[in-house]
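Asks: Dropping the structure in here first, questions after.
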Amino acid sequence: MNDFEYIVVGAGMAGDAAVAGIRQEDPTGTIALIGAEPDEPYNRPALSKALWREEDTTPSTIILKASSTPGVTLMLGTRVTSVNPDAHTVTTADGKEFGYHRLVLTTGGRPRTAGIPAGPRVIHFHDLSDYRALRTQATRGAHVVVVGGGFIGTELAAVLAETPATVTYVFPRDHVDGHVLPEEIARHLDEVYREHGVELVPGVRVTTVAETPDGEGVTLTLDDGRELHGDVAVLGLGQDPETELASAAGLAVWEGIVVDAHRRTSDPDIFAAGDAVARPDRVFGRRRVQHEDAAVTGGRVAGRNAAGGEASDDHVPYFYSDIFADGYEALGVTDPTGASLVDWKEPGSEAVVYYFDEDSVLQGVLMWNVWGDEDHDTKAIAAQLLEDRSPREPGELVGAI
Ligand SMILES: Cc1cc2nc3c(=O)[nH]c(=O)nc-3n(C[C@H](O)[C@H](O)[C@H](O)COP(=O)(O)OP(=O)(O)OC[C@H]3O[C@@H](n4cnc5c(N)ncnc54)[C@H](O)[C@@H]3O)c2cc1C
């Protein structure tokens, strides 16, 4: 069968949600879910958290639902190389062509490499295959050098320290998670990493990573001239949106594939969601958000509307991170280099952080070890606070969450 009612390109988190969205509106239409990875869609955040921390969590327990949805033809290990919007077809790397009535693009992002070639001991961490490669090498006593100041580096350095591997953690800011946390919390986090035996190497970037000539280890050079050695290097250097298919097909692309609140692209029969898109946000305007909440919500909306539904979404998505026993949820722009207010709930351990722009307008909210529940939905309160775009006296927010 070469024609499908729906084709979803990208079998990740948004693709999985898109399949659920299609089925919500259309119980029987044929769906092809085409993914470049060899694995069925899975919960990607588990790669740097639950798979290391929870004994019962394995690659098979993080598989999502799309693969068991009736009427879905899964094509894994299959890359789509072009989309022809006029003919309503997609072509895969092995030269096959498939027709669609409605197409959903959920192609996610591609890890940045900064020109550092991957190898058996040099892992740009993004996929389940990277997890498997790291898992076999990060054994007790192995020396792992973790590189990158974002969520992936921060989380991997923590879970690996508990493996327990010997961990050296290299990042460009002065403190761990310094891209989101104000200094008074980030300093605390530095101490937590040190207490777990992690060697911190702050304030530097890695310029080269190479496997040693005997293939037994890695050598890293830093931009201050130092060299580091280890058994394996794992890098989280950020990611770029996977937009080539969309651009080549003539779809509007600006920072990501441009979609409206219905996740419709500039072609009325093509929808898109997840890390690959620039989505409308009722507070911040159009922007690209590379987090689970936006991917799953947007994927479902794209799928529903591809199947004739009328869903829309422009909410302010949240993101989260878990680090040792600490964790946070956050919304908006959490740039700690501007003005911020730390409202301590429990001195030293629980706080809500408010971030402001130069006009004192609230830009972001981060809840450090502060968790909501049904009666006190902290994320909903934070979203409401962000919708008020008037300048504030920072003190007026104390106790707002
Ligand atoms: C290690 C890690 C930890 C994370 N932790 C968190 C977290 O704690 N909190 C949070 O909010 N978010 C987290 N994220 C981000 C979250 O996982 C992503 O926002 C989410 O997975 C995006 O979903 P997506 O479907 O857009 O992209 P993905 O899940 O990346 O899926 C895209 C899929 O499309 C495939 N693809 C791309 N191009 C093609 C093509 N041409 N043909 C076929 N297939 C294609 C890719 O191979 C991939 O499988 C984490 C991400 C990573 C990598």
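Asks: Provide, in order from the shortest bin, the percent of all Cα-Cα pairs of the chain in each 10 Å bin, continuing until the bin that contains the maximum pair distance.
Replies: Spelled out per bin, shortest first, that is 5, 22, 29, 26, 16, 3, 0.
Asks: Calculate the spin-label point distance for residue 174 paired with residue 24, positioning each point 7 Å from the Cα along the beta-carbon direction, and give it in nanometres.
Replies: Modelled inter-label distance: 4.5 nm.
Asks: Continuing with this model, one more query. For segment 122-235, with equal point scatterers placed on the C-alpha atoms only and solvent neglected, what are the log10 I(q)/I(0) values from the Debye formula at q = 0.20, 0.21 1/Å, to two decimals?
Replies: -1.06, -1.16
Asks: Let me ask something else about it. For the chain, what is the relative contact order in percent, using Cα pairs closer than 8 Å and at least 6 residues apart in sequence?
Replies: Answer for the chain is 16 percent.
Asks: How many percent of the accessible area of the chain is carbon or sulfur, using a 1.4 Å probe? Write down the numbers at each step before the final one.
Replies: Working: 7910 of 16870 Å².
Heavy-atom surface of the chain belonging to carbon and sulfur, 1.4 Å probe: 47 percent.
Asks: May I pose another question? Tell me which lysines have Cα within less than 23 Å of residue 49's Cα, excluding those fewer than 8 residues away on the same chain?
Replies: Within reach: 65, 379.
Asks: Just going by the charge dipole of the chain, with Lys and Arg at +1 and Asp and Glu at -1 on Cβ, which of 156, 349, 197 is farthest out on the positive end?
Replies: 156
Asks: Could you rank the peptides 302-315, 387-400, 74-87 by their average count of other C-beta atoms within 10 Å per residue, with the highest value first? Walk me through the numbers before you get to the answer.
Replies: Details: 302-315: 21.4, 387-400: 11.7, 74-87: 16.1.
Listed from highest to lowest mean packing, they are 302-315, 74-87, 387-400.
Asks: When N counts the residues of segment 206-266, how does its alpha-carbon radius of gyration compare numerically with 2.2 N^0.38 Å, as a ratio?
Replies: Working: Rg = 19.7 Å, N = 61, 2.2 N^0.38 = 10.5 Å.
Segment 206-266 yields a ratio of 1.88.
Asks: I've got another one for you. Of all DSSP beta bridges in segment 122-235, what percent run antiparallel (nearest 5)? Don't jump to the answer; show the numbers that get you there.
Replies: Numbers: 9 of 25 bridges.
So the antiparallel bridges in segment 122-235 amount to around 35 percent.
Asks: Right, another one. Based on the Cα atoms of segment 302-364, what semi-axes does the equivalent ellipsoid have, where each is the square root of 5 times one gyration tensor eigenvalue, given in whole Å with the largest first?
Replies: Numbers: eigenvalues 199, 64, 15 Å².
Whole-Å semi-axes of the equivalent ellipsoid: 32, 18, 9.
Asks: Taking only the alpha-carbon positions of segment 325-397 and ignoring solvent, what does the Debye formula give for the base-10 log of I(q)/I(0) at q = 0.13, 0.20, 0.24 Å⁻¹?
Replies: Treating every Cα as an identical point scatterer, log10 I(q)/I(0) equals -0.35, -0.82, -1.14.
The values are calculated or read from the model by the stated rules, or taken from the named source; none is laboratory data. Source: prediction; values computed, not measured. Glycine also receives a Cβ, built like all others from the backbone with ideal geometry; neighbour counts cover every protein chain displayed. The area values use the complete protein model at the heavy-atom level, side chains included, leaving out ligands, DNA and RNA. Shrake-Rupley method; radii C 1.70, N 1.55, O 1.52, S 1.80 Å.
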